[in-house]
Every structure is written in structure tokens, then in C-alpha cells.
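First comes the structure, then the notes that go with it.
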Amino acid sequence: MTIQEKDIADHGAVIGVRELALSAAGAAALRAAVRIGVAEVLEDDPKSPADLAKALNVNAEMLARLLRALTQHGVFNETPRGYAHTSTSRLLREGDPNSLKYYVLWVTEPWTWELWPHLEEAVRNGRGGFEEKYGTDFFSYLHAMWPESAEVFNKAQTELSRLANNAVAAALDLRGVGSLVDIAGGHGYTLTSLLAKNRDLNGILFDLPPVVADADPRLREGGEFASRARIVGGDCLQEIPVQADVYLFKNILEWADEKSVRALRNAAKAGHKDSRIFIITNMIDGSPEIKFTTGTDLLFLLNSDGRKHTAETITAVVKNADLRIVNRQPVNSYLHLVEAAI
Ligand SMILES: C[S@@+](CC[C@H](N)C(=O)[O-])C[C@H]1O[C@@H](n2cnc3c(N)ncnc32)[C@H](O)[C@@H]1O
């Protein structure tokens, strides 16, 4: 490497570190734009910051600064006639079919800013320590103390499920399966799509009682799938009171391993000898979307002593539950399906 090439490489590293250290500014700007609703009022034609500020009832100069910063990240596009949508900013609108509005809010909620400073301590001590700090587990705390955030979370899960939906439905071969219970299935978005695709399937939505209280109306009395659906509220760490042919765990065995083992054991206890267990999870190794997965891995460390899995760690969890893995395959660019037998 010549001295000049080394200077350029060093400068690239300097830029990289400066930008990475300021990542919080990007996250905060995105959150502010979503909360204010910029992408919702921007239509097909570009709009000046002054017009946008008027429509949004915010300060025009500050909005211009926010838009300028987000434009540097490719979120909006600056044109001579004002700011315009990009394919990124369209994802911040609630009505967009691929909307990530609630996902953005979820991963930038005020409690996340409270937890991030504890990362150093977690690395030193080997534990996230949420329960020690807050006196209870994350989900109980979320529902008791941050109910608005719990609502944001449920909507974010529905958004993520919607994005992965077709790939998940294609990956799960449910031919000949009579019943499936979606453990920790949120509001039931995944379950409704499995019921839509598999016309002989009966589905059970299982999640915490306050979550299933808001289950998708299509699963409830009078809904499109009511005759093939049941809704059960409960705690999968205590008991799974449902016998089914398939137990689906999508993005849930990502808390502390000991809890994941307990939930799997409870499914095995509830099932019959031929029941199968489908685990859908982000996999760190082999994932093209590695920054998304490793970033979430750190957040889960802090909020639940949880993790995103490698092939090795998910295999250990399944083995510790006295189950065996019979199949593992990618679902999309960030999810894997791991199938276990009792
Ligand atoms: C990351 S979300 C996954 C939701 C859904 N499976 C999906 O993929 O969209 C985790 C879910 O676990 C539920 N949950 C957390 N603790 C639970 C427990 N002890 N028993 C049952 N569900 C639980 C939450 O309410 C939430 O809906």
C-alpha cells in the first residue's frame, strides 16, 4: 500500500468511526420524523419545509434541519421544489404495505435509550440484568409500566410478520397437519395467513392474556377464520394447555436460554408423540442481514438476557429440552426454520 492509499484508507476509517459513534442521531431523527408524521403528510409532489411545517404544526426551521439530516441517510430526497419521498420514506407511512413505522418506534422507544448505557456493564458481568434493575421480567414490566410501548410492540410485530409472511407460509409444509398452535403468536397475523393458505388447518393463538385480548378480529367470533380458530391466553413458561400436531415458536425462543428450554419442554409435555415443533428465528451465522440480527441480539441481551441464535446455540437449546433437530433451512434473508421432533 502506498502512503497515499494508506491515508485514504485511514481517512475512511476516521469517517466510519465518527459516523458509527453518532448512530444515535440517525435513530433519533428517524423516530422524530415518524412521531411528527412527516412521511404521512408528504404526498407525490415535493413540499418545502415551510409547507410541511404548516401542515404538521411544527417549527419550520427545525423541521428543515431534521429533513436535511435524514436526507443524508437517503430517507428523503431534496429537490429544487422541496423534499420528496424515497422508497425509504414511504416505509414510514402507516398505510404502506411494507410499513416499518411501528418497528422504527419500537426500537427507539424511550426505554431503549435507558437500557443502552448498561451494555458495558453487561459485557463486564456477563448478564443484561433487566430483572435486577426493574424487579420483574421485561414483558411484565412492559405491560404494567409502558402500556403504550406494549401497543407499539404488538403493531411492530405485526409489521415484521407481514413482511416475512409469504416466506414463512411457503417454508412451513403443513399438508396433512390437523392443528397448529402459534405460541407467543402476538395478535395472530402469522396464524391468519397460515389458516388462509391451509384450508384444512385448525389454528390456536396462544399469547399473554392482555395480548390475545386484542387478537385479529378474523380469528374471533364472526371472523373469517372463527370456525377453525381458537384463542388461548396464558404463559408458555408456566404451561401450554393445548394439544396440537404442530407447535410454532416464531421469534420467541430468543430470551434467556433457560426460558427457551422451559417453553420447549412445556410444548413437548402438551403434545402427542408425533407432534412437531417448528422454530422460526433469526440466525446470526449465514444471515445476509447480519447488522439487523446482531443489533437486535444486543438489545435482547439488555431487555431479557436474551439472544439471537447461532446454529450452535439453537441446537443446544433444543437438545437441552430433550428434543432433536430434524431439519434446518433458511426462510428468507434473515429468518431460519428449525424443525424439532419430540
Ligand atoms: C417477539 S414477539 C413474537 C410475536 C410473534 N410470534 C411474531 O413472530 O410476530 C414475542 C411475543 O411473545 C409474547 N410473550 C412473551 N412472554 C410470553 C409468555 N411467557 N407466554 C406467552 N407469550 C409470551 C409477547 O406477548 C409477544 O407477542
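How large is ³J(HN,Hα) for each residue in the stretch 86-103, as worked out from phi by the Karplus curve 6.51 cos²θ - 1.76 cosθ + 1.60 (θ = phi - 60°), to whole Hz, x for Gly and Pro?
These are the phi-based 3J(HN,Hα) values: 10, 5, 6, 5, 5, 6, 8, 8, 4, x, 5, x, 10, 3, 10, 3, 6, 5 Hz.
So what are the ³J(HN,Hα) numbers for the stretch 186-199, from phi and the Karplus equation (6.51, -1.76, 1.60; θ = phi - 60°), rounded to whole Hz, Gly and Pro as x?
x, 7, x, 4, 5, 4, 5, 6, 5, 5, 5, 7, 10, 5
Can you tell me which of 60-68, 186-194 comes out highest on packing, and rank the rest after it, using the mean Cβ neighbours within 10 Å?
Numbers: 60-68: 16.6, 186-194: 25.0.
Going from most to least packed, we get 186-194, 60-68.
Report Val14's accessible area, 1.4 Å probe, all protein chains in place, as a number in Å² to the nearest 10.
Counting only protein heavy atoms, Val14 exposes about 70 Å² to solvent.
Specify the angular offset, from 0 to 90 degrees and rounded to the nearest 10, of the alpha carbon long axis of helix 257-270 from the longest principal axis of the alpha carbons in the chain.
On a 0 to 90 degree scale, this one is about 40.
Mind checking the angle between helix 60-72 and the chain's longest principal axis? C-alpha axes, 0 to 90 degrees, to the nearest 10.
With both axes taken from Cα atoms, the answer is about 70 degrees.
Amide H to amide H, which residues 5 or more places from Lys250 or on other chains are under 5 Å from it, using H placed in the peptide plane?
Sorted by chain and number, the residues that satisfy this are Ile183, Ile280.
Just the number please: accessible area per residue for the stretch 1-103, 1.4 Å probe, all protein chains included, in Å². Walk me through the numbers before you get to the answer.
Values: 6550 Å² over 103 residues.
Roughly 64 Å² per residue, with all protein chains present.
Rounded to the nearest 10 degrees, what's the angle between the helix 311-320 long axis and the longest principal axis of the chain, both from Cα atoms, 0 to 90?
30
When the chain is fully extended, how far beyond the present Cα-Cα distance does Asn332 get from Arg220, taking 0.36 nm per residue of separation?
On the way: separation 112, 0.36 × 112 = 40.32 nm, distance 2.99 nm.
Value of the extension gain: 37.3 nm.
Once neighbouring chains are kept in place and the probe is 1.4 Å, which whole percent of the accessible area of the chain is contributed by carbon and sulfur? Kindly include the intermediate steps, with their values, before the conclusion.
Working: 9070 of 17330 Å².
Exposed carbon and sulfur together represent 52 percent of the surface.
Residue by residue through the stretch 241-249, which ³J(HN,Hα) values in whole Hz follow from phi under the Karplus form 6.51 cos²θ - 1.76 cosθ + 1.60 (θ = phi - 60°), with glycine and proline marked x?
Along the stretch 241-249, the couplings run x, 9, 8, 8, 6, 10, 10, 9, 10 Hz.
At Glu121 and Arg18, where each label point lies 7 Å from the Cα along Cα→Cβ, what is the point-to-point distance in nanometres?
Result: 3.3 nm between the two label points.
Which of the listed residues, Leu323, Gly286, Gly82, is farthest toward the dipole's positive end in the chain, when Lys, Arg count +1 and Asp, Glu count -1 at the beta-carbon?
Farthest towards the positive end: Leu323.
Give the ranking of Ile279, Ile252 by solvent-accessible surface, highest area first, calculated with a 1.4 Å probe. Don't skip to the end; give the middle numbers.
Details: Ile279 0, Ile252 20 Å².
Reading off the accessible areas and sorting them downward yields Ile252, Ile279.
Pull up all non-local amide H partners of Phe76: gap of 5 or more, or a different chain, and H-to-H distance under 5 Å with H placed in the peptide plane.
Counting only residues 5 or more places away or on other chains, the set is Thr71.
The values are calculated or read from the model by the stated rules, or taken from the named source; none is laboratory data. Predicted, not measured: the structure shown is a model, and the values here were computed from it. Methodologically, a virtual Cβ is constructed for each residue, glycine included, from the backbone with ideal geometry; neighbour enumeration extends over all protein chains shown. Quick note on the areas: whole protein, heavy atoms, side chains included, nothing else; ligands and nucleic acids left out. Shrake-Rupley method; radii C 1.70, N 1.55, O 1.52, S 1.80 Å.
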